[in-house]
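Single-structure report; data block below.
The values are calculated or read from the model by the stated rules, or taken from the named source; none is laboratory data. Quick caveat: nothing in here was measured; it's all calculated off a predicted structure. Glycine also receives a Cβ, built like all others from the backbone with ideal geometry; neighbour counts cover every protein chain displayed.
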Amino acid sequence: MMNFDYVKPATVTDAIAAAAEPGSAYLASGTNLLDLMKGGVSRPSRLVDVTRLPGLDRIEWQPDGSVRIGALVRNADLAHDSEFARAFPAVAEALLSGASAQLRNAATIGGNLLQRTRCAYFYDAASACNKRWPGAGCAARDGENRMHAVLGWSEACIATHPSDFCVPLVALNAAVEIEGRNGRREIALDALHQLPGATPERETKLEPGDLIVAVLLPAQSRTFAAHARYIKLRERTSYAFAIVAAAAALRIENGSILEARLALGGVAAKPWRAGAAEQILTGCKPEPGIFGRAAEAALSDARPSGDNVFKIELAKRIVVRALTSAAAGTPERVPALPGSPFSSVSGVLHD
Amino acid sequence: MNFPISLTINGVRRDIDLDDPRVTLLDLLRERLDLTGTKKGCDRGQCGACTVLVDGRRINSCLALVVSHDGADILTIEGVARGNELHPVQAAFVAHDGLQCGFCTPGQIMSAIGLIQEGQAGHDSERVREGMSGNLCRCGAYAGITEAVLDVQQSLATSNQRRSA
């Protein structure tokens, strides 16, 4: 690991000033950053430790029913907050399907949004990677790429965003509160992450010094609580990143879908909201035929970036599974195997 | 530049004048404090061999910078037994053959203690396996590990019942 200067500012203002300097990086828990630094993938010259900044570790319910989640809230604490899990069950399930208990105890929700891709060529400092070294080329294009993107990728980069948490968040219209050199602003989570295009090194809309201080979920998104699931297919049942994942949330009244939300994970450089599929579902009865049409619409722009054509069909089936599971109803408790299609809870199709 | 750090490790306060911000909690324990019970497996947060409790919560000590943990209360495998009396989780690992080579065992035991304190798994073997998935065992002693954790959960439930009766 390259040596670095270490500062632990006491205020957000001081943190922003320190982090705006070239070569600086914020340190929260470090579960991703320290791993990258050990591998020589990230080489910050200064770490700005934000773990002691006051007031960022709270889950705050607002008078209008929305919730403001401080960026330093730990993944496990948010998932196990019973009021939060009741209001946003798919978010709790996604959190608990990610990483291991040890990592969830440490990792922060702000850090989760900014974790880096798990593309093996990004992680291997000896491989060509346009993200690490703009213009170097992309070793993944002709490499082991069965896990890579099928939506929104470019010739420059086919990496995926690995977060589970972000998938239901983007489906539920989450926003991100950012403090920066020009004060505080709020942007939709869907607008935070960028598709690679010709500049895959530019992953988010954040400017130097910008600090994510909170994630916001609107009160209206609680209306999906009775029919919300996160389904994630992995190469092992626990402690693995998604091959493909889907968050589905339905508002069902009198046997019809009044409103639908759908997003996919593991398929693109950002959590992928499937707006066209949501439109197809609106006003329909929650039945297999319409779920299949929604899945086709969600993947209509998909194309393989390598040996991963299978992910397109797989993603369609996971969409159908997530919609079916959501329609069957949110289980009383997060399943023993969170997000797993192999968990024995209501709504599972054994086909 | 040195960083003055104060930690409580297994109930003992340790004042450390840290000369390098890169030192992880794992390396501090093993290389500087001679607490070698905590193991270094992958050193990248993938195997769980380095699991310790920090402020009562299980984490991977390989992915924790000491400099960021000033004031923390740390429990390692060296701090769980009372003299010659094993911690109930240690005793259960022995009773159920929850180990073979033993390298992952300190991490497994610290993780199991954390899991039990979290109170999410109960007597559900599937929840125990899921909750212990951050600890790999190359010998494949998983069946015994799960039985050991379930056994301790059962004993705790029984003694709690007796206490409340």
Subset of region A:260-280, residues in contact with a Phe, Trp or Tyr (Cβ under 8 Å, 6 or more places away or on another chain) and not in a strand (DSSP E or B), comes to A:GLY266, A:ALA268, A:ALA269
The correct count of residues that are more than 21 Å from B:LEU63 (Cα to Cα) and touching an Asp or Glu at 6+ places or on another chain (Cβ under 8 Å) in region A:93-108 is 1
For A:ASP81, the lone unmet condition from (1) free of Cβ contacts under 8 Å to residues at least 24 places away in the same chain; (2) crowded, with 19+ Cβ neighbours inside 10 Å is (2)
Report whether or not A:GLY266 is in contact with a Ser or Thr (Cβ under 6 Å, 6 or more places away or on another chain) and more than 14 Å from every other protein chain (Cβ to nearest Cβ). yes
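Yes/no matrix, rows are residues, columns are (1) under 18 Å from A:ALA79 (Cβ atoms); (2) in contact with a Leu (Cβ under 8 Å, 6 or more places away or on another chain):
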site	(1), (2)
B:GLY83	no, no
B:GLN90	no, no
B:PHE93	no, yes
B:THR105	no, yes
B:ILE109	no, no
B:ALA112	no, no
B:GLU118	yes, no
B:GLY122	yes, no
B:MET132	yes, yes
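A quick yes/no check of all residues on (1) modelled with pLDDT of 95 or more; (2) over 30 Å from A:ALA128 (Cβ atoms); (3) more than 19 Å from the chain's Cα centre (by Cα):
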position	(1), (2), (3)
A:ASP14	yes, yes, yes
A:GLU21	yes, no, yes
A:LEU36	yes, no, no
A:LEU47	yes, no, yes
A:GLU60	yes, yes, yes
**Study point:** Condition met for A:GLY39 (facing another protein chain (nearest Cβ under 10 Å) and farther than 26 Å from B:ASP55 by Cβ)
**Key:** yes
Sole miss for A:ALA260 among (1) in contact with a strand residue (DSSP E or B) (Cβ under 7 Å, 6 or more places away or on another chain); (2) within 14 Å of another protein chain (Cβ to nearest Cβ); (3) not acidic (Asp, Glu) is condition (2)
inquiry  = Is it the case, given these coordinates, that A:ALA120 is buried (at least 24 other Cβ atoms within 10 Å of the Cβ) and modelled with pLDDT of 95 or more?
reply    = no
- Confirm whether A:ALA28 is surrounded by fewer than 22 Cβ atoms within 10 Å (Cβ to Cβ) and under 19 Å from the mean Cα position of the chain (by Cα). no
Q: Would you mind stating whether A:LEU56 is assigned to a strand (DSSP E or B) and farther than 24 Å from B:SER111 by Cα?
A: no
If we keep only residues of region B:121-135 that are surrounded by fewer than 19 Cβ atoms within 10 Å (Cβ to Cβ) and part of a loop (DSSP other than H, G, I, E, B), then the residue nearest to the other protein chains (Cβ to nearest Cβ) is B:ASP124
Output yes when any residue across region B:23-38 is at negative phi and in contact (Cβ under 8 Å) with a residue 60 or more places away in the chain, and no when none is. yes
If you go through A:ALA159, A:ALA198, A:ALA242, the only one that is under 18 Å from A:ALA269 (Cα atoms) and assigned by TED's automatic domain parsing to the domain that holds A:ASP307 is A:ALA242
Open item on the list: So, B:ASN160, is that one over 23 Å from A:VAL334 (Cα atoms) and either assigned to a helix (DSSP H, G or I) or within 15 Å of the chain's Cα centre (by Cα) (or both) or not?
Closed with: yes
For A:VAL334, the lone unmet condition from (1) touching a strand residue (DSSP E or B) at 6+ places or on another chain (Cβ under 6 Å); (2) not in a helix (DSSP H, G or I) is (1)
Quiz item: Residues in region B:84-105: is at least one acidic (Asp, Glu), surrounded by fewer than 20 Cβ atoms within 10 Å (Cβ to Cβ), touching a residue at least 40 places away in the same chain (Cβ under 8 Å) and not assigned by TED's automatic domain parsing to the domain that holds B:ARG13?
Solution: yes
| So is A:PHE342 within 14 Å of chain B (Cβ to nearest Cβ) and within 30 Å of B:GLU130 (Cα to Cα) or not? | yes
